[in-house]
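Just so you know, all these numbers are worked out from the coordinates, no wet-lab data involved. None of these values were measured; they are calculated from a predicted model. No Cβ is skipped: glycine too gets one built from the backbone with ideal geometry, and neighbour counts run over all protein chains shown.
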Amino acid sequence: MDPTRRKTGFKFKVRASDVKARAPVPRRAPFAGVGRLRKIACLGGAKSLQFTPWHDPTWELWAHASCRHLCRRDPDLLFDMHPPELWRDPKKKTWDPKYATWIATNRVPIMMQEAYPDVPAAMRYPFETIITEFPRGYMTNHLAYMIALALSEGVTHIGVFGCDYNTNSEYGPQRGSAEYWLGLAEGRGVHVQIAPQCDLLNKPALLYGYESHPNGVRDKSYSFSIGPLKADGKAHVASGLTLLPADHPGAPPLRDIGVPPAPHAFEEALKRQQQETVQ
């Protein structure tokens with residue numbers, strides 16, 4: 001079997017850290033201009049990367065540096081927003097021990113926290129400009145940094161490929177930020193394209209109220225956790241966290257609204273929820 005072929009079914013190049021450094025690649029003009037399209041595909045290393053429009057030159061490719069070896073054509077721009085203490089130390093960059101060597105010879109422009117002297121292709125991410133335009137921040141992943149920069153440069157179309165942020169993986173806590181920035185882009189009139197097999201902006205897929213409770217029972221798609229699951233399939237619960245009914249002696253005092261809590265209401269509500277889950 002071809003060692004360069006994975007379950008995704010497509011072949012990819014050898015790791016960029018194992019090939020000879022190529023000549024510098026200039027960036028495209030940053031602004032699309034009035035009446036012109038600016039299509040940017042944001043790439044990560046998840047399964048949906050296989051749907052990237054590799055052979056369509058109208059799409060710019062902005063890729064997380066970790067998926068560079070999976071790209072079937074050179075990205076126009078790479079991103080690595082990690083601090084240098086991480087990527088300079090091979091012991092900390094366990095998923096790619098050759099990363100420090102590669103980044104010192106890479107010639108594809110790469111957005112980083114600083115234009116580091118030992119990284120010839122490094123470009124300083126315009127963080128001050130971005131955070132001024134988007135003061136909320138909420139950038140917990142590389143996709144957020146990509147979309148923010150794309151919006152500041154007049155993007156008209158954003159595609160997301162290989163950035164799945166599956167809720168049952170270690171990337172689950174980053175999902176909210178990814179969906180926030182995609183929604184922000186759509187709110188600004190940008191056309192957003194999500195790769196097949198990626199459920200960003202579509203989990204749960206059923207409209208709440210209209211479709212979420214068929215026959216009066218909550219659909220199972222509304223029961224999922226953010227973050228990794230235990231081996232038994234149950235969500236992690238913070239240690240020391242205990243749910244208490246309102247009438248428990250150790251429960252914090254509730255605001256007095258003039259109506260006493262119904263006795264055993266907590267137990268009955270919990271029982272109904274368990275019955276719905278079983279059904």
Using R₀ = 51 Å, calculate the FRET efficiency as 1/(1 + (r/R₀)^6) where r is the Cβ-Cβ separation of Lys98 and Ala251; round to 0.05. 0.40
Can you figure out the FRET efficiency of Tyr180 with Thr132, using R₀ = 22 Å and their beta-carbon distance, to the nearest 0.05? 0.75
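Please arrange Val192, Val108 by counting, for each residue, the other beta carbons lying within 10 Å of its beta carbon, fewest first. Intermediate values should be presented prior to the final figure.
Values: Val192 17, Val108 21.
Ordered by Cβ neighbours within 10 Å, fewest first: Val192, Val108.
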What do you get when you divide the Cα radius of gyration of segment 16-194 by 2.2 N^0.38 Å, with N the number of residues? 0.99
Percent of Cα-Cα pairs per 5 Å bin, from 0 to the last occupied bin, for segment 120-218, please list those. 2, 11, 20, 20, 18, 13, 8, 4, 2, 1, 1, 0, 0
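State to the nearest 20 debye the size of the charge dipole of segment 65-126 about its Cα centre, where the only charges are +1 on K and R beta carbons and -1 on D and E beta carbons. Could you put the intermediate results ahead of the total?
Values: 10 positive and 8 negative charges, 45 e Å.
It comes to approximately 220 debye.
As a footprinting exposure proxy, order Leu78, Leu37 by other Cβ within 10 Å, with the fewest listed first.
On the way: Leu78 27, Leu37 12.
Ordered from fewest to most neighbouring Cβ atoms within 10 Å, Leu78, Leu37 come out as Leu37, Leu78.
Taking neighbour Cβ counts within 10 Å as the exposure measure, how do His64, His82, His248 sort from fewest upward? Intermediate results must be reported in sequence, preceding the final value.
On the way: His64 22, His82 16, His248 11.
Ordered from fewest to most neighbouring Cβ atoms within 10 Å, His64, His82, His248 come out as His248, His82, His64.
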